[in-house]
1. What residue, of 76, 68, is touching a residue at least 12 places away in the same chain (Cβ under 8 Å) and either over 17 Å from residue 30 (Cα atoms) or more than 12 Å from the chain's Cα centre (by Cα) (or both)?
2. Can you confirm whether residue 9 is in contact (Cβ under 8 Å) with a residue 40 or more places away in the chain, buried (at least 20 other Cβ atoms within 10 Å of the Cβ), within 18 Å of residue 81 (Cβ to Cβ) and touching a helix residue (DSSP H, G or I) at 6+ places or on another chain (Cβ under 8 Å)?
3. Yes or no: residue 38 surrounded by fewer than 18 Cβ atoms within 10 Å (Cβ to Cβ) and either in a loop (DSSP other than H, G, I, E, B) or touching a residue at least 24 places away in the same chain (Cβ under 8 Å) (or both)?
4. I'd like the residue in segment 54-63 that is in contact with a helix residue (DSSP H, G or I) (Cβ under 9 Å, 6 or more places away or on another chain) and part of a loop (DSSP other than H, G, I, E, B) and, out of all such residues, is surrounded by the most Cβ atoms within 10 Å (Cβ to Cβ).
5. Assess whether residue 25 counts as being closer than 22 Å to residue 161 by Cα, touching a residue at least 40 places away in the same chain (Cβ under 8 Å), touching a strand residue (DSSP E or B) at 6+ places or on another chain (Cβ under 9 Å) and in a strand (DSSP E or B).
6. Going through segment 114-138 one residue at a time, which ones are over 16 Å from the mean Cα position of the chain (by Cα) and either buried (at least 18 other Cβ atoms within 10 Å of the Cβ) or closer than 21 Å to residue 57 by Cβ (or both)?
């Protein structure tokens with residue numbers, strides 16, 4: 001597998017970010033049209049698949065969990081990092097790993113767009129749509145690193161890229 005692209009986002013308006021961890025963009029790692037297959041891979045690597053759907057059409061972030069978004073069908077334009085942030089196209093085969101505190105929103109999507117959303121074992125997600133206060137920023141900073149990469153487990157790039165930043 002090739003290295004994922006890394007994006008370091010800055011706080012943007014009311015949307016915080018994880019100041020230590022880059023957002024990861026993996027291209028071509030998710031099987032087309034087979035959510036069961038990517039869910040099996042995620043499970044094997046200690047990530048818990050939790051839903052199949054799209055991305056909310058409003059800016060939000062999670063303060064209690066890191067999030068993997070695996071695209072099994074279609075494509076979408078996402079805004080990462082809050083309003084006026086970084087626009088990224090995700091399409092079938094792609095997987096994003098968003099550190100806790102990373103703002104995200106769907107700008108537009110194809111009619112067949114489908115993601116599998118997953119979280120490291122033991123992490124439960126929330127939905128935050130307001131400015132982060134001190135307690136929220138402390139929760140984001142306290143979210144533990146995953147045990148492994150969602151695709152390659154303990155030998156994958158996330159383990160190396162995130163452990164050197166935390």
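Any read-out appearing in this document is the output of simple, stated calculations on the displayed coordinates, not a laboratory observation. Please read all numbers here as calculations on a predicted model, not as lab measurements. We place every Cβ from the backbone using ideal geometry, glycine too, and count neighbours over all the protein chains shown.
1. 76
2. Considered against the rule, which asks whether it is in contact (Cβ under 8 Å) with a residue 40 or more places away in the chain, buried (at least 20 other Cβ atoms within 10 Å of the Cβ), within 18 Å of residue 81 (Cβ to Cβ) and touching a helix residue (DSSP H, G or I) at 6+ places or on another chain (Cβ under 8 Å), residue 9 comes out as no.
3. Against the criterion (surrounded by fewer than 18 Cβ atoms within 10 Å (Cβ to Cβ) and either in a loop (DSSP other than H, G, I, E, B) or touching a residue at least 24 places away in the same chain (Cβ under 8 Å) (or both)), residue 38 does not qualify.
4. Checking each candidate, the answer is 62.
5. Taking the combined requirement at face value, the residue satisfies it.
6. Residues satisfying the conditions are 129, 130, 131, 132, 136.
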